[in-house]
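A short worksheet on the structure shown next.
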Amino acid sequence: MPDVSTLSQSPGRNDAFWRAHNGVGLVWSNPKASDDVMIANALLRPNFHLLLDIASQFGFSRLTSQWEKLKESIEEVRKIGGDGDAGYQQLLRAEPIVNRCLEVMQAAVK
């Protein structure tokens, strides 16, 4: 599992939203993880309905911004070695699903 704690984090956390979406399952090791960390973990375990709810709650631009930051951070970790390979593989599995979800969401608002 990649270390998404290095992503830029916004202060606070929308506890009610994450409780309603089984947030503990996304970041079981840190029940107080920020919204950005929760979003990043949701992106690595893509589910269209959850990603749609995240876009609705936090904004489509925040969702896509977190996706770009996540891809960049995992690629950087992979370049320097270490635990990046597992994270990189997880990203590769998630990427086509997330891209398809984001495309569908984008098309729906046009």
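Worth a mention:
- Backbone amide hydrogens, once placed in the peptide plane, bring ARG45 within less than 5 Å of nothing, excluding anything fewer than 5 places away on its chain.
- Cα gyration tensor, segment 14-108 - rounded (a/c under 1.5), prolate or oblate: oblate
- Residue-by-residue Karplus 3J(HN,Hα) for segment 92-99, coefficients 6.51, -1.76, 1.60, Hz, glycine and proline x: 4, 5, 7, 3, x, 5, 4, 4
Just so you know, all these numbers are worked out from the coordinates, no wet-lab data involved. None of the values given here were measured: they were computed from a predicted structure.
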